[in-house]
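One structure, pasted below without further comment.
The values are calculated or read from the model by the stated rules, or taken from the named source; none is laboratory data. Because the structure is predicted, anything quoted here is derived from the model rather than measured. Virtual Cβ from ideal backbone geometry, glycine too; neighbours counted across all protein chains shown. Side chains included, ligands, DNA and RNA excluded: accessible areas come from the protein's heavy atoms. Shrake-Rupley method; radii C 1.70, N 1.55, O 1.52, S 1.80 Å.
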Amino acid sequence: MNSNGYAWEPTPERIAEANVTRLMQAAGVQTIDELRARSTQDIDWFWDLVVRDLEIPFDEPYTAVRDSSRGIEWTTWFIDGRLNVATACVDRWREETPDAPAVIHEDETGAVTTLTYAELGTAVDRCAAGLRATGIAKGDAVAVFLPMTPEAVIAAYAIAKVGALYLPLFSGFAPDAIAARLQDAQVKLVFTTDWAWRRGSRAPMKRVLDAALADCPSVTTVVVAERAGGENPARGSLDVTWEQFALPVHGPVRAEPTSAEDPLLLGYTSGTTGKPKGAVHTHAGFLVKVASEVAYEFDVRQGDVFFWVTDMGWVMGPLSTFGTHAVGATLLLYEGAPDTPGPGRLWEIVERRQVTMLGVSPTLIRALKPHGDELPAACDLSSLRVFGSTGEPWNEDPYVWLSDTVGKGRVPIINFSGGTEVGGSFLAPFVVEPIKPCSLGGPSLGMDVDVFGPGGDSVRGQLGELVCRQPWPAMTRGVWRDPERYIESYWSMYPGTWRHGDWAMVDADGQWFLFGRSDEAINVAGKRVGPAEVESALVAHPAVAEAAAVGVPDEQKGEAIWCFWTPADAAGVDVSDELRAEVGRRLGKPFTPGRVMRVDALPRTRTAKILRRAIRAAAIGADPGDLSGAENPEALDLIRKAVM
């Protein structure tokens, strides 16, 4: 960090070569803040400029950039245009740069697979032919339950190519979490594999999916990418191997002529109540937004290697895939834990694969930092130009370590934030501007964001709600089959303005910072889960009368899940350990609670709503705030006693 308090200040050379500088020149502005302002003064002009600058290939041109005639909440984009993500991201480059690497896969054992754009194109065509032969057609939902392997990328593009709806699933989900999403989307076909690498072990996937399918009658086909050497469950009547499914093709397979507004992706995000919400994203809107972020925020271009430590089941998986390939770069997939077999593995991958853009989470850096400065210093990290980060707030110590010790002050941290339902970012810094530690810079281009105080007025220098006043191309087209929930979740607090549920603040220098969720969703190492999903696992136990799950600060994970439950029988035994294991079994190990505690009562309102925010405050020793609506505020003393 320099004497001015900034972690990054760009050199004239970095400014000159940046992709966003090219965009500034096309827009006729001199600075990134001028471009931010111009991009929201006329959003139609701006997003049309992005399409032209990135040369995003529409099969048929649009006649208007957007249509908000049904209201801002239901804005549609690139009117009358036709675009298919598979054509724009794969077929385009297999014609222009067929021998360029499109995907590199490395697993924990060091085994490597590389696909050129020509090879990726053929693999996508074979998979698309298999989907059509199976009867999958435009609008059908297809799920992908795979680790970070080439098959996950191939399947995503094949689904897009036939016009079906792509539903990615986190590879660490347990059966109940999978089943909830398959049921909601009425999925017809699922791609999976027998097992995945995780910390030197072969973690089962097919067996987990089989358990979920017992409650998913809509699924009629399971495509299994077979792997030798681990647990290989017996094949059932629904199963077909990848080799049997991916039919040989003779020449390119025609893409479904999808319109700009045809659904592409159904990304599930956990809310604070009820079942997970399915965010609907479209071919053109999602692609234009993520391409702009990979190109302008992460400064990626042809010849670069983009590597984000993530999972295809979170929005960063599709964002990384489609965004990287939209600009013709190389996507690096790593299957397994980034600290296996040792804590230097991540830096070794960067050196070995000549990574130019490395995406990490604060949790990962907090875990790697205690292993010392020697591990990154032992590797040649000179290929790195950008660090990416998202998913949770930073604290300064690991941020500065990544910037100064690992990046040696020459690699900016592009800490951006948005969400599954946003289809990208609301906030992000750019390589052409100074960046304070832990800052998110300012608004992403084309995003008319602000911070609102309690009265709905714009505030600076104080904590408030992050909002957006104008639509953007990747804005979800609603919650799947639940338009009322969409309006309630994002548009009800400030009618006509999107309220995102993040606490934000803009400092005196115009730098933006986030301070966690203003709603009750729990963010565990960048993976969001709703309290209701955790609580449903708890109350399913016969010993439990009611339960509450909250997120509390955690040094390693950002937030940890703490659970409180009341017994159905006051004389019954304490089953807290059993409940903790059950949550992990149902939702996946990453969501195993840090603590589960029995209490005699939970605080609630007079309408019987459990006061989660007050519980969280009591658990961490904070002021629970106004309790005038509480029926039994004395129950908070039970929470405080339980955590002592």
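When the range 241-266 is examined, which residues are found to be in contact (Cβ under 8 Å) with a residue 40 or more places away in the chain and farther than 30 Å from THR63 by Cβ?
Taking the range 241-266 first, the residues in contact (Cβ under 8 Å) with a residue 40 or more places away in the chain are 242, 245-249, 252-253, 255-266.
The answer is TRP242, PHE245, ALA246, LEU247, PRO248, VAL249.
Check TRP93, TRP74 and return the single one that is crowded, with 16+ Cβ neighbours inside 10 Å, in contact with a Pro (Cβ under 9 Å, 6 or more places away or on another chain) and of a type outside the set (Val, Ile, Thr).
Numbers: TRP93 fails: in contact with a Pro (Cβ under 9 Å, 6 or more places away or on another chain).
Of the residues listed, the single one that is crowded, with 16+ Cβ neighbours inside 10 Å, in contact with a Pro (Cβ under 9 Å, 6 or more places away or on another chain) and of a type outside the set (Val, Ile, Thr) is TRP74.
I'd like to know if the range 279-286 contains one or more residues that are open to solvent by less than 10 Å² (accessible area, probe 1.4 Å) and on the phi > 0 side of the Ramachandran plot. Before you say what the answer is, go through the steps one by one.
First, pick out the residues of the range 279-286 that are open to solvent by less than 10 Å² (accessible area, probe 1.4 Å): 279, 281-286.
Next, from what is left, pick out any that are on the phi > 0 side of the Ramachandran plot: none.
Looking for residues that are open to solvent by less than 10 Å² (accessible area, probe 1.4 Å) and on the phi > 0 side of the Ramachandran plot, one finds none in the range 279-286, hence no.
Quick one: which of GLY251, GLY313, GLY271, GLY303 is among the small types (Gly, Ala, Ser) and at pLDDT 95 or above? Don't jump to the end; show me each part of the working.
Details: GLY251 fails: at pLDDT 95 or above; GLY313 fails: at pLDDT 95 or above; GLY271 fails: at pLDDT 95 or above.
Only one candidate qualifies: GLY303.
Follow-up question, since we're still on this one. Can you work out which of the residues in the range 320-338 that are in a helix (DSSP H, G or I) and of a type in the set (Ser, Thr, Tyr) is farthest from TRP93 (Cα to Cα)? Spell out how you get there, then give the answer.
Residues of the range 320-338 that are in a helix (DSSP H, G or I), as a first pass: 320-326.
Of the ones still in play, those that are also of a type in the set (Ser, Thr, Tyr) are 320-321, 324.
On the way: SER320: 17, THR321: 14, THR324: 12 Å.
Step by step, filter the range 320-338, then rank; the result is SER320.
Another one. Just give me the residues in the range 239-265 being over 30 Å from THR420 (Cα atoms), open to solvent by 60 Å² or more (accessible area, probe 1.4 Å) and part of a loop (DSSP other than H, G, I, E, B), in sequence order.
LEU247, PRO248, HIS250, PRO252
Go through (1) touching a residue at least 40 places away in the same chain (Cβ under 8 Å); (2) more than 22 Å from THR324 (Cβ to Cβ) one by one and return the number of the condition ALA179 breaks.
Of (1) touching a residue at least 40 places away in the same chain (Cβ under 8 Å); (2) more than 22 Å from THR324 (Cβ to Cβ), only one is false for ALA179: (1).
List pairs: first in the range 49-74 and free of Cβ contacts under 8 Å to residues at least 24 places away in the same chain, second surrounded by fewer than 19 Cβ atoms within 10 Å (Cβ to Cβ) and among the β-branched types (Val, Ile, Thr), Cβ under 7 Å, 6+ apart or cross-chain?
THR63/ILE79; ALA64/ILE79; ASP67/ILE79
Now a separate question. Does any residue of the range 12-33 turn out to be more than 29 Å from ALA118 (Cα to Cα), open to solvent by 70 Å² or more (accessible area, probe 1.4 Å) and among the aliphatic types (A, V, I, L, M)?
Among the residues of the range 12-33, at least one is more than 29 Å from ALA118 (Cα to Cα), open to solvent by 70 Å² or more (accessible area, probe 1.4 Å) and among the aliphatic types (A, V, I, L, M), which makes the answer yes.
For the range 493-549, how many residues are open to solvent by 30 Å² or more (accessible area, probe 1.4 Å), more than 22 Å from the chain's Cα centre (by Cα) and charged (D, E, K, R)?
3
Take residues that are over 30 Å from THR497 (Cβ atoms) and within 20 Å of the chain's Cα centre (by Cα) and tell me which of the helices (runs of 4 or more DSSP H) falling wholly in the range 339-443 contain 3 or more.
The qualifying helices (runs of 4 or more DSSP H) are 362-368.
Quick test of your reading of the structure: GLY130 fulfils all but one of (1) assigned to a loop (DSSP other than H, G, I, E, B); (2) in contact (Cβ under 8 Å) with a residue 24 or more places away in the chain; (3) of a type outside the set (A, V, I, L, M). Name the failing condition by number.
(1)
Checking ARG227 against (1) in a loop (DSSP other than H, G, I, E, B); (2) surrounded by fewer than 16 Cβ atoms within 10 Å (Cβ to Cβ); (3) in contact (Cβ under 8 Å) with a residue 12 or more places away in the chain, which test does it fail?
(2)
Here's a follow-up. Can you pull out every residue in the range 196-218 that is open to solvent by 10 Å² or more (accessible area, probe 1.4 Å) and not small (Gly, Ala, Ser)?
Answer for the range 196-218, where residues must be open to solvent by 10 Å² or more (accessible area, probe 1.4 Å) and not small (Gly, Ala, Ser): TRP197, ARG198, ARG199, ARG202, PRO204, ARG207, VAL208, ASP210, LEU213, ASP215, PRO217.
Ok, one more. Filter the range 105-122 down to the residues that are buried (at least 22 other Cβ atoms within 10 Å of the Cβ) and either modelled with pLDDT under 95 or of a type in the set (A, V, I, L, M, F, W, C) (or both) and list them by number. Can you show your working first?
Restricting attention to the range 105-122, the residues satisfying the condition of being buried (at least 22 other Cβ atoms within 10 Å of the Cβ) are 117, 120-121.
Selection gives LEU120 alone.
Residues checked against (1) modelled with pLDDT under 90; (2) not polar (S, T, N, Q):
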residue	(1), (2)
LEU602	no, yes
ARG616	no, yes
ILE620	no, yes
GLY625	yes, yes
ASN632	yes, no
LEU638	no, yes
VAL643	no, yes
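Also, I was wondering about something else. Which numbered condition in (1) touching a Leu at 6+ places or on another chain (Cβ under 9 Å); (2) open to solvent by less than 40 Å² (accessible area, probe 1.4 Å) is the only one that GLU60 fails?
Of everything listed in (1) touching a Leu at 6+ places or on another chain (Cβ under 9 Å); (2) open to solvent by less than 40 Å² (accessible area, probe 1.4 Å), GLU60 misses just condition (2).
Are any residues in the range 171-194 open to solvent by 10 Å² or more (accessible area, probe 1.4 Å), modelled with pLDDT under 95 and outside any helix (DSSP H, G or I), and if so, which ones?
Correct list: SER171, GLY172, PHE173.
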